[in-house]
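Beneath this line is the structure, given in structure tokens, with notes to follow.
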Amino acid sequence: MRSRFAILVAAICLAAFLPAMVNACSVFYPTVEVGKAFRVKVADRGRPVKGLRLVLSPPSQGGGAISSVTDSDGYASFDDLFPGNLTLTAEYDGDWQDAVFLRISSDGPANATVSLTWPARNPIKVRAANGLIRGPEYYPDQVQTELSLSLIEGITAREIEKTRSDNKGHFTFNSVLAPGVYYIRLNPSGLRGWDNEQIQGAIPIELNETASPDSLDLDLGWSSSGMGYSQTVRQSNLKMSKICGDLKDSEGAVIGRAHVWLQPVAGEPTVIEHTTTRSESGQFELREQGAGDYLLIVKSPGFQPYLQVIHLDPARTSDGCTHPLHIKSGILF
């Protein structure tokens with residue numbers, strides 16, 4: 001079991017993503033009083049989780065841990081416990097874990113049921129364990145270090161396969177996999193965060209034959225809370241005469257100095273224009289281009305990227321920004 005309880009987080013603090021701020025994330029788990037025997041129910045988005053090993057650990061690193069495995073209904077039992085304080089977690093849940101602090105007492109509630117969620121982060125539904133993964137400072141016209149990636153079976157925490165991405169972030173796992181929850185673990189690879197830390201962490205995915213999309217398209221972030229990530233979603237196509245607009249976060253605050261790129265949809269990806277959003281307003285405006293389909297990419301460290309296919313029609317050209325794009329970007333987590 002991993003010992004980095006500081007990474008057992010349930011939410012990423014927005015402030016931790018912003019380079020100008022140094023606030024760390026604070027996480028608070030419930031404390032539950034139980035008797036010397038109790039059971040745990042583990043659910044995955046309302047469904048019982050079978051075969052998951054749960055661990056009771058003392059608050060300090062000393063002393064041994066006690067484990068139990070969930071049955072077909074998602075229940076695991078513990079009994080004959082000594083009074084004291086213990087932490088309940090799943091044996092493996094990537095970097096983020098749901099946890100409960102338990103106070104065990106002789107006169108605590110008998111045969112109580114404690115609830116636990118696994119995985120703590122909702123996995124990304126996808127058809128296959130392959131795709132694209134980009135570091136925080138990756139730009140569409142650049143290359144990045146090749147990344148060491150491991151594919152981990154969710155329930156057993158067994159490493160199934162290891163691979164490396166290319167210098168554009170493309171990766172493929174070739175193992176034949178059954179539907180279910182897995183983790184893609186980024187191993188130390190030379191990819192570094194703002195404070196020069198090695199970026200590493202795990203991303204839960206759910207392989208599902210009916211999922212959309214059929215592959216992963218991931219952007220990474222890094223903060224004092226650990227690694228964040230986002231599955232890139234391309235917006236539906238738009239028709240415009242001029243590309244302009246503004247960028248704000250999900251609360252309506254301006255995101256300044258974000259990168260804005262434009263590249264043609266057809267052919268080899270090539271950046272034909274690059275600008276940044278204005279610090280005071282979050283606004284941006286790109287030069288007029290010829291008729292055709294273009295991919296607009298907007299990225300800011302710690303925020304979800306925005307991708308939009310736009311069809312430009314020069315016959316509708318106007319001198320001003322008559323139909324601005326109002327883009328909202330949530331934080332990576």
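Where a number appears in this text, it was derived from the coordinates with a stated rule and is not lab data. The structure presented is a predicted model; accordingly, all values stated were derived computationally and were not measured. Quick reminder, even Gly has a Cβ in these numbers, built from the backbone with ideal geometry, and neighbours come from all protein chains shown.
Which aspartates and glutamates have a Cα less than 13 Å from the Cα of Lys36, not counting those fewer than 8 places away in the same chain?
Partners within reach: Asp79, Asp80, Asp107.
Express the Stokes-Einstein translational diffusion coefficient of the range 46-117 in µm² s⁻¹, to the nearest whole number, given a Kirkwood radius over alpha-carbon pairs, 20 °C and a viscosity of 1.002 mPa s.
This corresponds to a translational diffusion coefficient of 164 µm²/s.
Based on DSSP H runs of at least 4 residues, each adding -39500 (n - 2.57), what is the mean residue ellipticity at 222 nm of the chain after dividing by all its residues, to the nearest 500 deg cm²/dmol?
Value at 222 nm, helices only: 0 deg cm²/dmol.
Mind putting together the pair-distance distribution for the range 234-329? All Cα pairs, 5 Å bins, whole percent per bin, short to long.
3, 14, 26, 26, 19, 10, 3, 0
Among Phe171, Phe101, which comes first, second and so on when ranked by fewest other beta-carbon atoms within 10 Å?
Ascending Cβ contact count within 10 Å gives the list Phe101, Phe171.
Rounded to the nearest 20 debye, what is the charge dipole size of the chain about its Cα centre when +1 sits on each Lys and Arg Cβ and -1 on each Asp and Glu Cβ?
Computed about the Cα centre, the dipole is about 220 debye.
Report which label in (1) 22.3, 87; (2) 23.2, 80; (3) 19.2, 60 holds the value of Rg and Dmax of the Cα atoms in Å derived from the coordinates of this structure.
It is the one labelled (2).
With a cut-off of 8 Å between alpha carbons and a minimum separation of six or more residues, what is the relative contact order of the range 124-231 in percent?
35
Given +1 on the Cβ of Lys and Arg, -1 on the Cβ of Asp and Glu, and no further charges, what dipole in debye does the range 83-130 carry about its Cα centre, rounded to the nearest 20?
Computed about the Cα centre, the dipole is about 260 debye.
Could you give the dipole magnitude of the range 251-305 about its Cα centre, charging the beta-carbon of Lys and Arg +1 and that of Asp and Glu -1, in debye to the nearest 20?
In debye, rounded to 20, the range 251-305 gives about 160.
Go through Pro213, Leu102, Ile255 and say which Cα lies farthest out towards the positive end of the charge dipole of the chain; charges sit on Cβ, +1 for Lys and Arg, -1 for Asp and Glu.
Leu102
Show me the ranking of peptides 230-239, 44-53 by mean Cβ neighbours inside 10 Å, starting with the highest.
44-53, 230-239
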